[in-house]
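The values are calculated or read from the model by the stated rules, or taken from the named source; none is laboratory data. What you see is a predicted model, and the numbers here were worked out from it, not measured in a lab. Note that each Cβ is placed from the backbone with ideal geometry, even for glycine, and that neighbours are counted across all protein chains shown. Quick note on the areas: whole protein, heavy atoms, side chains included, nothing else; ligands and nucleic acids left out. Shrake-Rupley method; radii C 1.70, N 1.55, O 1.52, S 1.80 Å.
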Amino acid sequence: QRRIVDMFSPESGRALFELFFWMFDRQRATAVDAAAVACPVLVVAGSEDKVISAVTARKVAALYAHATFEEAAGRGHFLIMEEGAANLAGRCADWMDKVTN
């Protein structure tokens, strides 16, 4: 864990404010007009994610007209660093091939 955490860099206070306190951000820096997104969207969530639940991620996917939701069984929040990350990346790549061909 220490090796992984040491690779991170600190985030700015402003970025954290815009992300976590978006409702108070008058600039709406993180706002997305889901109705204006015309491209395919893939939303992936771990079934064991304690930060953003799969239920919440599924609701986010439902906001987009061309969204696919995939729940990664037994996975948590840090999908790219957990066991099976390469397999999940392969599934994402397969989805990208499918929607672009």
Log entry, pairs with first residue in the range 17-37 being surrounded by 10 or more Cβ atoms within 10 Å (Cβ to Cβ), second being assigned to a helix (DSSP H, G or I) and of a type in the set (D, E, K, R), beta carbons closer than 8 Å, six or more apart or on different chains, reads ASP25/GLU18; ALA29/GLU18; THR30/GLU18
Counted residues in the range 48-77 being open to solvent by 60 Å² or more (accessible area, probe 1.4 Å), of a type in the set (Lys, Arg) and in a loop (DSSP other than H, G, I, E, B) come to 1
Does at least one position in the range 89-97 carry a residue that is over 14 Å from the mean Cα position of the chain (by Cα), touching a residue at least 24 places away in the same chain (Cβ under 8 Å) and over 28 Å from PHE20 (Cβ atoms)?
yes
Open item on the list: SER12 - would you say it is exposed (fewer than 10 other Cβ atoms within 10 Å of the Cβ) and among the small types (Gly, Ala, Ser)?
Closed with: yes
The residue that is nearest to VAL5 (Cα to Cα), considering only those in the range 65-77 that are among the aliphatic types (A, V, I, L, M) and in contact with a Leu (Cβ under 8 Å, 6 or more places away or on another chain), is ALA72
* **So VAL44, is it open to solvent by 90 Å² or more (accessible area, probe 1.4 Å) and either assigned to a helix (DSSP H, G or I) or in contact (Cβ under 8 Å) with a residue 12 or more places away in the chain (or both)** => no
* To do: Determine whether the range 78-92 contains at least one residue that is part of a loop (DSSP other than H, G, I, E, B) and either open to solvent by 90 Å² or more (accessible area, probe 1.4 Å) or farther than 30 Å from GLN1 by Cα (or both).
  => yes
Note on ALA62: of the conditions (1) in contact with a helix residue (DSSP H, G or I) (Cβ under 9 Å, 6 or more places away or on another chain); (2) over 20 Å from ALA93 (Cβ atoms), unmet is (1)
